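Just below is one structure, and these are the notes that go with it.
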Amino acid sequence: MSVGSQPALGPPLVGVRDLRLTVPSAAGPVNILCGIDLDVREREAVGIVGPSGSGKTSLLMVLAGLEQATSGAVCVAGQELTGLDEDALARFRRLTIGIVFQAFHLIPAMTALENVAVPLELAGVADAGPRARASLEAVGLGHRLTHLPGQLSGGEQQRVALARAFAPRPRLLLADEPTGNLDHATGSAVMDLLFGMQAEHGTTLLLITHDPALAARCHREVRLADGRVVERASA
């Protein structure tokens with residue numbers, strides 16, 4: 001990524017201190033995250049890289065409030081997440097965070113428009129329908145509004161997922177291997193859309209990827225291994 005072509009980065013949006021996550025197993029406690037420290041600034045795009053099992057997805061799950069840290073401090077957009085109950089975390093996610101997974105996680109019985117509009121309606125957005133339509137048009141799917149996920153290609157389904165993630169205008173977008181289920185050409189097109197929308201909206205992005213070329217498009221890379229940050233590099 002050419003940092004100079006992006007808007008100036010703002011103050012820290014994400015602050016993580018001594019983040020630890022330990023989960024039980026039949027063989028005893030397993031340490032997934034082992035003292036992560038990380039700051040991410042507003043409008044920054046950060047590539048999270050590392051081998052399978054290094055803790056990348058677990059880190060994103062904690063930042064999304066979908067996994068409760070064992071210890072440490074997690075602050076996102078001025079909100080300390082540790083200690084919030086599930087209802088408070090759900091409200092926080094609806095207002096602040098967008099998530100794109102490798103699997104598309106669309107509701108099969110809902111149209112593309114409904115898949116994007118329903119989360120907006122649940123968040124109390126007054127113009128949910130028009131905003132959902134505009135978000136789908138922004139990813140090139142204005143002609144597929146009434147199609148069900150099963151009637152869409154994999155690339156189209158991931159574009160619906162992108163539209164759904166960006167429609168609430170989140171301050172933080174978490175993307176976990178968003179091209180993992182797509183062929184190279186389709187994945188490249190989806191990532192062009194993601195980076196374009198991230199820059200246009202000034203959204204902070206944390207991107208998990210095994211693709212060095214995608215990580216290189218971010219402002220910087222953070223490498224994890226064995227639940228620890230082992231390298232921080234500018235792009």
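Remarks
- Relative contact order (%) - criterion: Cα under 8 Å, at least six apart; region: the chain: 29 percent
- Residues of the stretch 195-212 with amide N under 20 Å of the 7 Å Cα→Cβ point at Ala134: 195-204
- GNM result for the chain, Cα springs below 10 Å: residue of Gln198, Gln158, Gln79 fluctuating most strongly: Gln79
- Between Leu95 and His184, full extension at 0.36 nm per residue minus the direct alpha carbon distance yields a gain of 28.8 nm.
- Here r is the Cβ-Cβ distance between Ser153 and Ala126 and R0 is 35 Å; the resulting FRET efficiency, rounded to 0.05, is 0.60.
- Counting DSSP beta bridges with both ends in the chain, the antiparallel % (nearest 5): 55 percent
- Restricted to Cα atoms, the stretch 90-178 shows a radius of gyration and a Dmax of 11.8, 32 angstrom.
- Label corresponding to mean projected area of the Cα convex hull in nm² when calculated from the structure given, among (1) 16.5; (2) 13.0; (3) 11.5: (2)
- Among Ala213, Ala77, Ala123, the largest mean-square fluctuation in a Gaussian network model of the chain (Cα springs under 10 Å) belongs to Ala213.
- With both labels modelled 7 Å from their Cα along Cα-to-Cβ, the Ser25 to Thr146 distance reads 5.1 nm.
- Subtracting the Cα-Cα distance of Ala216 and Asp85 from 0.36 nm times their residue separation leaves 43.5 nm of extension gain.
- Between Val118 and Asp192, the simple spin-label model (points 7 angstrom out along Cα→Cβ) gives 3.1 nm.
- Axis angle, to the nearest 10 degrees, between helix 86-96 and the longest C-alpha principal axis of the chain: 60 degrees.
Each value in this text was obtained by applying a stated rule to the coordinates, not by laboratory testing. These figures come from a predicted structure and were not determined experimentally. Quick reminder, even Gly has a Cβ in these numbers, built from the backbone with ideal geometry, and neighbours come from all protein chains shown.
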